[in-house]
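Asker: Below you will find the structure I want to go over with you.
FYI, it's all coordinate maths here, none of it is from the lab. These numbers come from a predicted model, not from an experiment. Positions of Cβ are generated from backbone atoms using ideal geometry, with glycine treated the same way; all protein chains shown enter the neighbour counts.
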Amino acid sequence: MGSQADGRDCAAPDEYLMRAGYALDGDGGCIADARHHAAAFLDQAHTAHYLSVTARARDLTQLVVSELVTNALKYAPGPVLMELRITVRAVDVVVWDSDPTVPAARAADPRRIGQHGLEIVKAITEDVFIEQEPVGKRITARIVLSDTPTRSLA
């Protein structure tokens, strides 16, 4: 790792500066706890690594956390694990659950009530990766830290 002129460590754009994992128990406050963990993680990244985390990135990260954790709790039995990872340009929200079924975003339908979670996540993130695991699945959503999205949300 090199150093910047002000003495702070400099990292490659895709190198994780921080990672944190959380086991979520599925009780009534679990989703709020997950959002709180995400906000605290971003605060720590800003303080420890001098990362610029915009209000947009903070809000989108908390929304993605809410949607992915809600879906995991709703559709998968057992525990839910969340990991947050951050680089100089993006934050990854990773949620693991025990259901091996790979979810699919449904076609947009303004009359449909509910079941918009993955559709929302795909619309507001840079990318979404879904991996089947030996037990369950892992969904990773990447949110850019800048106010300028890297792909069109249209």
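Asker: Between Gln44 and Met18, what is 0.36 nm times their sequence separation minus the Cα-Cα distance? Round to one decimal in nm.
Answerer: Details: separation 26, 0.36 × 26 = 9.36 nm, distance 0.91 nm.
Length gained, Gln44 through Met18: 8.5 nm.
Asker: Based on DSSP H assignment, which helices of the chain show an axial Cα extent of at least 20 Å together with a mean Kyte-Doolittle hydropathy greater than or equal to -0.5?
Answerer: Numbers: long enough: 30-49 (28 Å, -0.12); 55-75 (30 Å, 0.13).
Span-like helices, by this rule, are 30-49, 55-75.
Asker: Which value, to two decimals, describes the C-alpha radius of gyration of the chain once divided by 2.2 N^0.38 Å? Kindly include the intermediate steps, with their values, before the conclusion.
Answerer: Working: Rg = 16.0 Å, N = 154, 2.2 N^0.38 = 14.9 Å.
So the chain has a normalised radius of gyration of 1.07.
Asker: Over the chain, what is the mean sequence separation of C-alpha contacts under 8 Å (at least six apart), divided by residue count, expressed as relative contact order in percent? Write down the numbers at each step before the final one.
Answerer: Numbers: 263 pairs, mean separation 37.7, N = 154.
Once normalised by length, the contact order is 24 percent.
Asker: Okay, moving on. For the chain, set up a Gaussian network in which alpha carbons nearer than 10 Å are linked by springs, and say which option among Glu67, Glu15, Glu126 fluctuates the most.
Answerer: Between Glu67, Glu15, Glu126, it is Glu15 that shows the largest mean-square fluctuation.
Asker: Using a 10 Å Cβ count of at most 13 others and DSSP loop calls, identify the longest part of the chain lacking such trypsin sites (Lys or Arg not before Pro).
Answerer: On the way: sites that count: Arg8, Arg106, Arg111, Arg112, Arg151.
The longest uninterrupted stretch comes out as 9-105.
Asker: Mind giving me the FRET efficiency for Glu126 and Asp27? R0 is 35 Å, r the Cβ-Cβ distance, nearest 0.05 is fine. Walk me through the numbers before you get to the answer.
Answerer: Details: r = 31 Å, r/R0 = 0.90.
So the FRET efficiency works out to roughly 0.65.
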